[in-house]
Structure formats: structure tokens, C-alpha cells
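One structure is given below, encoded as C-alpha cells.
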Amino acid sequence: KATENITGGTGIDKLTMLSTSGTTTITGSQGDDVITTASGTEVFKYTALNQIGDTIKGFTSGTDKFELSSSIFNGDANSNGGLDSLESGAGATSSTNSGVYWVRDTSTNDLYYDADANGSDPGTLVADLDTSVALSDITFV
């Protein structure tokens with residue numbers, strides 16, 4: 001099985017995976033990229049706030065993953081590499097529960113990061129997904 005690493009440029013990239021049999025790690029870049037996945041395992045790696053906001057087509061929950069820098073993004077208070085909690089709701093873009101940094105809009109499947117973890121400020125779009133994402137799909141390194 002092959003392992004591939006792809007890093008986008010500084011503009012708006014359009015990346016289409018045609019076929020993968022191994023794991024492809026896609027490192028976010030500046031710009032709202034459009035990424036279409038293939039049948040392999042894709043890891044979407046974000047190491048800075050200016051890398052988020054991508055459209056991801058074909059995300060497969062349970063196979064594909066988000067890998068986030070723990071020095072930039074909150075949500076792993078117990079430092080075990082996994083997301084502590086994910087709030088979901090129709091139209092949700094920021095947390096209504098104190099200490100919850102990650103929110104999924106069940107109407108659109110969009111994934112948001114709520115930096116203040118209390119809903120007083122709007123969340124920031126991380127990914128516009130065409131399918132749902134689960135708590136276990138988000139990891140920290």
C-alpha cells in the first residue's frame with residue numbers, strides 16, 4: 001500500500017484523488033480548497049487557522065480523518081490525541097456548551113471550530129462536507 005503526501009499551494013486549490021490504495025495525507029494550505037477524495041484513506045492535516053475552510057467531497061467517516069495540531073486547536077483536554085466532544089445540531093455553527101470547541105451542523109454537515117468554546121463568538125468553518133463526521137474522525141498531534 002502506498003503512502004502519499006500532498007500539500008496545497010497558497011491560493012484556492014482543486015485536488016482530486018483518482019485512486020489510492022494506501023493513505024494519502026493532505027496538508028491544508030491558505031485558501032478555501034476543494035478536495036475530492038478517492039476510495040483509500042485520506043488524512044486532512046491542519047497545522048494553522050488560515051488553512052481551514054475547505055470543501056471536502058467524498059469524506060468517509062470511520063476511514064478518513066482530520067489530524068489537527070494540538071498547539072493551534074483546542075479540544076483534547078485530556079491529551080490522549082482524541083477529540084473530547086463534538087456538539088451537533090441543525091444550523092449549529094458555534095457551541096452552546098462551555099468547553100466544547102467542535103460543532104457539526106447536521107443540516108449541512110459543515111464542521112466548525114469554536115475557539116472560545118462558549119458560543120459568544122461565531123465558529124469558524126473548518127470543512128464543508130458532503131457527509132457527516134464523527135467524534136472519532138478528529139485527532140490531535
Accessible area in square angstrom per residue, the chain, 1.4 angstrom probe: 47 Å²
Nonlocal amide H pairs with Thr24, under 5 Å, H built at 1.01 Å: Glu4, Thr41, Glu42, Val43
In sequence order, calculated HN-Hα J values of the stretch 133-140 (Karplus, 6.51, -1.76, 1.60; Hz; x Gly/Pro): 10, 10, 3, 6, 7, 10, 10, 10
Cα-only Debye scattering, the stretch 67-136: base-10 log of I(q)/I(0) at q = 0.12 Å⁻¹: -0.26
Two-site label geometry, Thr106 and Thr25: point separation in nm, points 7 Å out along Cα→Cβ: 3.5 nm
Using θ = phi - 60° and Karplus 6.51 cos²θ - 1.76 cosθ + 1.60, couplings along the stretch 69-75 (whole Hz; Gly, Pro as x): 6, 6, 7, 10, 10, 8, x
Value of relative contact order over the chain, rounded to a whole percent, pairs C-alpha under 8 Å and six or more apart: 20 percent
Nitroxide proxy distance, nm - points 7 Å out along Cα→Cβ at Asn50 and Lys14: 2.5 nm
Relative contact order (%) - criterion: Cα under 8 Å, at least six apart; region: the stretch 82-141: 33 percent
The chain - Rg over Rh from alpha carbon coordinates, Kirkwood radius: 0.95
Centroid-to-centroid separation of the stretch 23-82 and the stretch 118-138 [C-alpha atoms, Å]: 11 Å
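Would you kindly give the portion of the calculated P(r) for the stretch 28-98 that falls above 15 Å, as a percent of all Cα pairs?
Working: 1590 of 2485 pairs.
Cα-Cα pairs of the stretch 28-98 separated by over 15 Å account for 64 percent.
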For a label point 7 Å along the Cα-to-beta-carbon line of Asp130, residues of the stretch 22-53 with backbone N under 14 Å: 34-39
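The values are calculated or read from the model by the stated rules, or taken from the named source; none is laboratory data. Keep in mind that this is a model prediction, so the values were computed, not measured. Note that we place each Cβ from the backbone using ideal geometry, even for glycine, and neighbour counts take in every protein chain shown. Note: accessible area is taken over every heavy atom of the protein model, side chains too, but ligands, DNA and RNA are not part of it. Shrake-Rupley method; radii C 1.70, N 1.55, O 1.52, S 1.80 Å.
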